[in-house]
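Nothing in this text is a laboratory measurement; each read-out follows from the coordinates by a stated rule. The model shown is predicted, which means the values in this text are computed figures rather than measured ones. Glycine gets a Cβ as well: all are built from the backbone with ideal geometry, and neighbour counts include every protein chain shown.
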Amino acid sequence: MSYGLSKFIKNLLPRRLFYRALLIVAVPIIVLQLIITIVFFDSLWIKTNKGMTRALVGEMKTFIVAYDNGQYNNNDLSGLFSIYLDLNVEYKNDEFFKKPLKERWFSPIDRTLRRELKSSIGANDYWFDTTSYKSLIHINIKNNDGYFEFFIPKDRVTSTSARMFALWITLPALLMITIAIIFLKNQTRPIVNLAKAAEKFGRGENIDEYRPSGAMEIRQAGLEFHKMRIRILRHLNQRSEMLSGISHDLRTPLTRLKLQLSFIKDQDLSQKMSLDIDEMEKMLNEYLQFTSSTFLEKNETFDVSELIKSIINKYNNENISKKTTLRVYMNGRKNLIERSLNNLINNSIKYAKKIELHLSKKNNSLIITIDDDGIGIPENEYQNVFKPFYKIDKGRGNSKSSVGLGLSITSDIIKSHGGNIRLEKSHLGGLRVKVFLPL
């Protein structure tokens, strides 16, 4: 139960650090303002209005009693109440003192006025309207065969300090939240920059310039990332230099072996040894391609649909078809994406006759699907085929045509772009390869 509740609360919270920090700052301010507002309205505004309304109803009742007493001149009495108590009153000989009007139960003024009139005058002997006039309240009170019509200023039952209080309590809160937003933006910007730099470096992109900034802890994390990036780049450069030396050192003896084969009189033995040397040379070339650094190529924005179209045209094969008219642009290393697609199509050509390519877009991902009608791959081998130098069957197809690095290189290229590659059963009966690339 507690785990489900905790998960529900986590799902409600924002995922970005800026909005979470803003909640930490803004929520206490808003809660404090709400508490102060509730306390003010309950203890000051509502009680003050209640007292003012009770005093007003008492003055109206006093006027009615004095009017009915007959000891005073009614016109003089109305003038005195109008001058000194701001009560504009007139007696009308009409039994129908009530007018159709929708009651506002949500208004604090209406609720307080209704409560006081009911307790002092009677439930069915009054009628009032607080909306028809901007600054006046219209009240009718039944008396004998007619009714008294009162017009009273609204400030007799409301406190003007409420508006000022609402203004002074809202403006500082908005000012504090605005300052907090600016401050949090400056504090979270270094973290966002660090995350973007790490994401670009993880995809193999060049980072033009990254300068650690922000708080001491964030600056320290940025410096450590910068040091790590330099160490990785140095390691990659050392590996490239080492592989260049290995390539030069191994090609020389292989060339000498090829020359020496020409002096062997046994042609059958010479041919077998030549095939082994060719396989060793091909293995060496593919291994160097697999381990060579891909950080040297710069990213560029290109049309994936045009790239697939140009790849298919190079094969000049009617059995390879493209089923899409979608034009999608992505930012990446174009030559490496082309190389990975060539590897996948070459594998399909080896074992299938019909090949279909489909390009689609879903949310922020680009999906390239390659279907063929070949013999396919067992499901338990879907992950193994991406391992370097792995072959499902040594006797499958022409074993000397590949050393088992094609899918490894392809997977490495796709994942270096932040994507993924997945194998499935194709509707054509063979293998389906799905390539996911972020846009």
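Which one, 226, 421, 257, is farthest towards the positive end of the dipole of the chain when Lys and Arg carry +1 and Asp and Glu -1 on their Cβ?
Result: 257, furthest along the dipole toward the positive end.
What share of Cα pairs, in percent, lie more than 15 angstrom apart in region 325-383? Write down the numbers at each step before the final one.
Details: 1053 of 1711 pairs.
Value for region 325-383: 62 percent of Cα pairs lie more than 15 Å apart.
Between residue 317 and residue 19, what is the FRET efficiency for a Förster distance of 56 Å, r being their Cβ-Cβ separation, to the nearest 0.05?
Values: r = 52 Å, r/R0 = 0.94.
Calculated transfer efficiency: 0.60.
So, in Å, what gap is there between the alpha-carbon centers of region 164-187 and region 189-260?
45 Å
When a footprinting reagent is the concern and you count Cβ atoms within 10 Å, what order do 416, 310 take, fewest first?
Working: 416 18, 310 11.
Lowest count first: 310, 416.
Which lysines have a Cα less than 30 Å from the Cα of residue 98, not counting those fewer than 8 places away in the same chain?
Filter leaves 47, 50, 61, 118, 134, 142, 154.
With charges set only on the Cβ (+1 for Lys and Arg, -1 for Asp and Glu), what does the dipole of the chain come to about its Cα centre, in debye to the nearest 20? Intermediate results must be reported in sequence, preceding the final value.
On the way: 65 positive and 46 negative charges, 269 e Å.
Computed charge dipole of the chain: roughly 1300 debye.
Using only alpha carbon positions, build the gyration tensor of region 300-438, then give the equivalent ellipsoid semi-axes as the square roots of 5 times its eigenvalues, largest first, whole angstrom. It would help to have the intermediate numbers written out before the result.
Numbers: eigenvalues 109, 57, 40 Å².
For region 300-438, the semi-axes come out at 23, 17, 14 Å.
For the charge dipole of the chain, defined by +1 on Lys and Arg C-beta atoms and -1 on Asp and Glu C-beta atoms about the Cα centroid, which residue among 348, 192, 277 has the Cα displaced farthest towards the positive pole?
Farthest towards the positive pole: 277.
Do the alpha carbons of any pairs in 282/323; 227/387; 362/425 sit beyond 25 Å of each other, and which pairs?
Details: 282/323 34 Å; 227/387 30 Å; 362/425 21 Å.
Exceeds cut-off: 282/323; 227/387.
I need the Debye-formula profile for region 2-159: one equal scatterer per C-alpha, no solvent, reported as log10 I(q)/I(0) at q = 0.12 1/Å, two decimals.
With no solvent term, the Cα-only Debye profile gives -0.63.
Which three numbers, in whole Å and largest first, are the semi-axes of the equivalent ellipsoid of the chain derived from its Cα gyration tensor as √(5λ)? Working shown, then result.
Values: eigenvalues 1652, 146, 53 Å².
Three semi-axes, in Å: 91, 27, 16.
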